[in-house]
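Contents: one structure, followed by commentary.
The values are calculated or read from the model by the stated rules, or taken from the named source; none is laboratory data. If you're wondering where the values come from, they're calculated on a predicted model, not measured in any experiment. So basically every Cβ, Gly included, is an ideal-geometry build from the backbone, and we count neighbours across all protein chains shown.
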4 protein chains.
Amino acid sequence: MTGFWPAGHQSAAAFTFDVDAESAVLWGAPENARRMSVMSHQAYGPLVGVPRILSLLADHGITATFFVPGFTAERYPQVVREIVAAGHEIGHHGYLHEQPSAQSRDEQIAALDRGLDVLAEIAGVRPVGYRAPMWDLSWELPELLLERGFLYDSSLMDADRPYELAVAGTPSSSATSGAQAASSLVEIPIQWALDDWEQYCYLPDISGAGYIATPEQARALWEAEFDGLHEVGGCWVLTNHPFLSGRPARAASLGRLMARIVATPGVWVAPLREIAEHTRSLGLEPRSVQPI
Amino acid sequence: MTGFWPAGHQSAAAFTFDVDAESAVLWGAPENARRMSVMSHQAYGPLVGVPRILSLLADHGITATFFVPGFTAERYPQVVREIVAAGHEIGHHGYLHEQPSAQSRDEQIAALDRGLDVLAEIAGVRPVGYRAPMWDLSWELPELLLERGFLYDSSLMDADRPYELAVAGTPSSSATSGAQAASSLVEIPIQWALDDWEQYCYLPDISGAGYIATPEQARALWEAEFDGLHEVGGCWVLTNHPFLSGRPARAASLGRLMARIVATPGVWVAPLREIAEHTRSLGLEPRSVQPI
Amino acid sequence: MTGFWPAGHQSAAAFTFDVDAESAVLWGAPENARRMSVMSHQAYGPLVGVPRILSLLADHGITATFFVPGFTAERYPQVVREIVAAGHEIGHHGYLHEQPSAQSRDEQIAALDRGLDVLAEIAGVRPVGYRAPMWDLSWELPELLLERGFLYDSSLMDADRPYELAVAGTPSSSATSGAQAASSLVEIPIQWALDDWEQYCYLPDISGAGYIATPEQARALWEAEFDGLHEVGGCWVLTNHPFLSGRPARAASLGRLMARIVATPGVWVAPLREIAEHTRSLGLEPRSVQPI
Amino acid sequence: MTGFWPAGHQSAAAFTFDVDAESAVLWGAPENARRMSVMSHQAYGPLVGVPRILSLLADHGITATFFVPGFTAERYPQVVREIVAAGHEIGHHGYLHEQPSAQSRDEQIAALDRGLDVLAEIAGVRPVGYRAPMWDLSWELPELLLERGFLYDSSLMDADRPYELAVAGTPSSSATSGAQAASSLVEIPIQWALDDWEQYCYLPDISGAGYIATPEQARALWEAEFDGLHEVGGCWVLTNHPFLSGRPARAASLGRLMARIVATPGVWVAPLREIAEHTRSLGLEPRSVQPI
């Protein structure tokens, strides 16, 4: 696997944060809005978690990627602006955290465009990266993303490092510019083992069976994944939710993980946008994935 | 965060106990009353757990807060009186552990007033603190609590330490006395990671997926949370249920946790009432939370 | 708590085994009979688990209590006879592992009498002890047990050691002999933390969420419970299922636990029958438990 | 248990891999095909997991057994051919991972024959071993397998080592050749504790409650099972799924487990086919299992 990463690096690592806030428990279940405690559990993310995580990232000199649903940006505009001001990347994460695979094509378009509009208006950003809410990409979305000029997606799980994902139907179109840019998206894979939701989230009748990991247990899992991916030249992408990992004990443990990874020789720590741009620069042959 | 806590303290810690007994599995599921083993599992709390916990608190010189549903007080009056006699605080926890967010406003009022009546009659107490059963506060309850003279609630999860929660609609009322007292409640946040239910509770067809933590595993989680909150000047609020944490092995482990926390320099160990009174004395600007 | 246990002992410990075999997954779900793999998973208990456990008990000089549903005795008569021949106690556990609280009074009577008939016919035993399948005693069963001459039940969870359970309606009857014997059952409490089902059982669509403890994790939980109960003079009752704990690794770990407990000074290791007889000899005042 | 295994060996160990890929989440739930992220999660198996596992097996000099549904062979023919080229055994695992116990006899026949046809056509193999998808053998399958010349099944859980499973109805038939070969299948038992699905798999709305073991936790469980089975002369059969255990961290841990087992004196590490052939050579009396 030599030659994939920038000179001097054998693997890459990215810290990403899905700033779902209330949206994560509202889409498809609007009745949850009535549960004030549940809403407060989610609000912890933008109110407390994000500021703490921004400090942590600054302490370790890490630029991260924050996926922000439009609804979050509308409800907490200042928080999103602070993320931008600190130099981090903002990615698209739907408007109300809609599950793409459960939506019609028109509904997916509406969520995509509404999310773009809100991020532009409130934070002045045009994201080049997308992550499907609930990590549940549909087969329609790659083409929709490409039509809107997205460079990358980060929702699939079929590789250890980024690749070019061929997008069906697009090569014949002349409306988009560039050859490869018009026909493929960079895909930066994720995996459930690198998510904090399974480790920490418990919301009765909404999510979780009651198991809540200690911060050290979660760190052991993520560090093992890191060691494994680093060894094979892969791309380690951790996803944390500020309403979960923003708690003091978990943030402290996350900080220890950051320190460990930053100090590992040969790891390129970067936001997903830079990883996507680097991948694009390699001129890889796009991989076609056939629906079933 | 200097200046928040009483002089000489950098954080606060409270041990709280929800004395749910049978009520926790009866509201919304009266058929569970037919299950004698389930009822006995819940009865362990007042019969065995509470006396053991009272001894433990005495051993460590800790004054705690016990949230007691009216139904528990009616079924185990002597137990509630013993908690009072030992100098601990009694808080309101509904009448039959009713989930507020699932009730109409009138039903919430009925549960609130019935709980108050029973606690007055049986234990001679008028609680100033409230905790929503199932940790599921409704948007109506803050106003209802304020109308009844409550000082604080402890059911939300959007902060690391107490704050003044602005209560909608109340400032215009002249029936209540005092300026700030009439328009806000002190909120003392909790969180699922600081609850023993997820660690220990297993009741087939009622709760739990089968994972039962060892007392040391639970303690590791709660101690990590303590270390994190202590570091940032927060307020650590542990919630235990006597029918779970009253078992000998768990109580012994809880005692070790008490010893550790009491011995930590700079921690103010207090019942929630004192923490609420201190918070009120700071004259904080109330925080408005908008429903969705 | 001095004076409760036989001279020289400060606590008691019992190893019990619920030999459910197929019955545990058939009652209320007869369609499971079609699943040959599931049936084989349950059959492991009598075929492999019980012989291994009998050896283990012999190695450690322990007399145990085996609760055997009638259906198990019919399908594996030789296995039940071997348990008897090895000197262990046989307890009643329903006919087809019926959940008493989900049955009518007549259905409960039928299951009780059919179980008694089968155990008499096949193993030549008349059990004096009962444990409710699914640990879900009904309010009717104590009286039904007393009418049939049972000495004890082991299905409730509201105490740390045995007690006399007052049985409603029976004192006025003159059909039964003896004063106290006619009006109360000895109850020997159990608890979910002392069961191997939650630690080990995984059967898709039937039981479990996927967590399978290592034998050392299970042992740590049970040993912590033992230490706690021993300290307070309680009665530690472990329940294992031969189809789960009979596997080599788990049996080996169980053997280490046996060695540890047998070697602990002051513990009286005995089958439940002896514990019940001792409890009866104390002449305790029966405790009345009121249904809700 | 001396005398069961080949001279010089006291136990056996087999590494097996179920190459389910997409089929594991499609049978009975075709709507999952719409979820591109879910499909990619499964595709990781043949795309990344299998090549890595083949390397690992080569490094440790182990010949393994891969159970391959027909659908996987059709979608990833090259992957299956590489498994064959590396000298490993291919077993039958249905066509679309159909759960036999939920199918009619005709449906079972169709899945069995279609799977055989695909494996013959694509990989040029005729498997002698079968493993029921979802580990859920039906009572009809043993006879159907025997009619098609299979030597062994590996789906039951009622023993610590292989045995001859008597097949009902077949002895009277004269269409099959040989006495014992015509009337019994070798059964090589498995168990949920020796599967990686429970340890690692999390797919929202499809499988898992959120618990994801670290590779070291999974290894501790499997190694304990190994130690236990080795001690009693049993047969340790580990089942891994390439889409789960093919990840770098897990594969590295699996490699450490392979090293440990290969280095244990007295263990015979072999593919299931060799274990079945050895078992057949012992001339054991077939065991009859009666349906309920």
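Can you confirm whether B:LEU137 is closer than 27 Å to B:TRP222 by Cα and either modelled with pLDDT of 95 or more or touching a helix residue (DSSP H, G or I) at 6+ places or on another chain (Cβ under 7 Å) (or both)?
On the way: closer than 27 Å to B:TRP222 by Cα: yes; either modelled with pLDDT of 95 or more or touching a helix residue (DSSP H, G or I) at 6+ places or on another chain (Cβ under 7 Å) (or both): yes.
Yes.
What number of residues in segment A:3-48 are at negative phi, surrounded by fewer than 24 Cβ atoms within 10 Å (Cβ to Cβ) and part of a loop (DSSP other than H, G, I, E, B)? The qualifying residues number 8. Taking segment D:146-166 as the range and being of a type in the set (Ser, Thr, Tyr), more than 8 Å from every other protein chain (Cβ to nearest Cβ) and in a loop (DSSP other than H, G, I, E, B) as the test, only D:SER154 passes.
Applying the condition of being farther than 23 Å from A:ARG161 by Cβ and without any contact (Cβ under 8 Å) to a residue 40 or more places away in the chain to segment A:221-268 and asking which residue is nearest to the other protein chains (Cβ to nearest Cβ) yields A:ALA249.
Number of residues in segment A:271-292 that are in contact (Cβ under 8 Å) with a residue 12 or more places away in the chain and farther than 30 Å from A:ILE83 by Cα equals 8.
Conditions tested, residue by residue: (1) away from chain C (no Cβ under 14 Å); (2) closer than 19 Å to B:SER154 by Cα.
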| site | (1), (2) |
| --- | --- |
| B:GLN42 | no, no |
| B:ARG52 | no, no |
| B:HIS60 | yes, no |
| B:THR63 | yes, yes |
| B:PRO77 | no, no |
| B:GLU89 | yes, yes |
| B:GLY94 | yes, yes |
| B:GLN99 | yes, yes |
| B:ILE109 | yes, yes |
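Restricting the first member to segment A:121-145 and to residues that are more than 14 Å from chain D (Cβ to nearest Cβ), and the second to residues that are of a type in the set (Lys, Arg), the beta-carbon pairs closer than 9 Å and six or more apart or on different chains are A:ILE122/A:ARG81; A:ALA123/A:ARG81; A:GLY124/A:ARG81; A:PRO127/A:ARG273; A:VAL128/A:ARG273; A:GLY129/A:ARG273.
Take D:GLU277 and decide whether it is more than 9 Å from chain C (Cβ to nearest Cβ), farther than 30 Å from D:ALA29 by Cβ, in a loop (DSSP other than H, G, I, E, B) and of a type in the set (D, E, K, R).
Working: more than 9 Å from chain C (Cβ to nearest Cβ): yes; farther than 30 Å from D:ALA29 by Cβ: yes; in a loop (DSSP other than H, G, I, E, B): no; of a type in the set (D, E, K, R): yes.
Judged against the criteria, D:GLU277 is not a match.
For D:GLY283, the conditions (1) away from chain C (no Cβ under 14 Å); (2) of a type in the set (Gly, Ala, Ser); (3) not in a loop (DSSP other than H, G, I, E, B) are fulfilled apart from (3).
Test A:PHE71 against the stated conditions and say whether it is under 26 Å from D:MET36 (Cα atoms), modelled with pLDDT of 95 or more, more than 14 Å from chain D (Cβ to nearest Cβ) and not in a helix (DSSP H, G or I). Break it down into steps so the answer makes sense when it comes.
On the way: under 26 Å from D:MET36 (Cα atoms): yes; modelled with pLDDT of 95 or more: yes; more than 14 Å from chain D (Cβ to nearest Cβ): yes; not in a helix (DSSP H, G or I): no.
No: the conditions fail for A:PHE71.
Entry remark, segment D:203-220: residues being closer than 20 Å to D:ALA252 by Cβ and in contact with a helix residue (DSSP H, G or I) (Cβ under 6 Å, 6 or more places away or on another chain) number 6 in total.
Among the residues of segment C:247-274, count how many are assigned to a helix (DSSP H, G or I) and in contact with a helix residue (DSSP H, G or I) (Cβ under 9 Å, 6 or more places away or on another chain). Outline the logic, then answer.
We begin by selecting, within segment C:247-274, every residue assigned to a helix (DSSP H, G or I); these are C:248-262, C:272-274.
Checking the rest, the ones that are also in contact with a helix residue (DSSP H, G or I) (Cβ under 9 Å, 6 or more places away or on another chain) come to C:248-262.
So the answer is 15.
Out of all the residues in segment C:184-199, is one or more small (Gly, Ala, Ser) and under 25 Å from C:LEU57 (Cβ atoms)? Yes, the conditions are met somewhere in segment C:184-199. Number of residues in segment A:76-127 that are under 26 Å from D:ALA33 (Cβ atoms) and of a type in the set (D, E, K, R) equals 4. Surrounded by fewer than 17 Cβ atoms within 10 Å (Cβ to Cβ) and free of Cβ contacts under 8 Å to residues at least 12 places away in the same chain: does that describe A:GLU107? Considered against the rule, which asks whether it is surrounded by fewer than 17 Cβ atoms within 10 Å (Cβ to Cβ) and free of Cβ contacts under 8 Å to residues at least 12 places away in the same chain, A:GLU107 comes out as yes. Summed over segment D:197-246, the residues that are modelled with pLDDT under 95, buried (at least 23 other Cβ atoms within 10 Å of the Cβ) and in a strand (DSSP E or B) give a count of 0.
If I filter segment B:247-292 down to residues being of a type in the set (Ser, Thr, Tyr) and surrounded by fewer than 17 Cβ atoms within 10 Å (Cβ to Cβ), which single residue comes out as nearest to B:GLY8 (Cα to Cα)? Once the filter is applied, the top-ranked residue is B:THR264.
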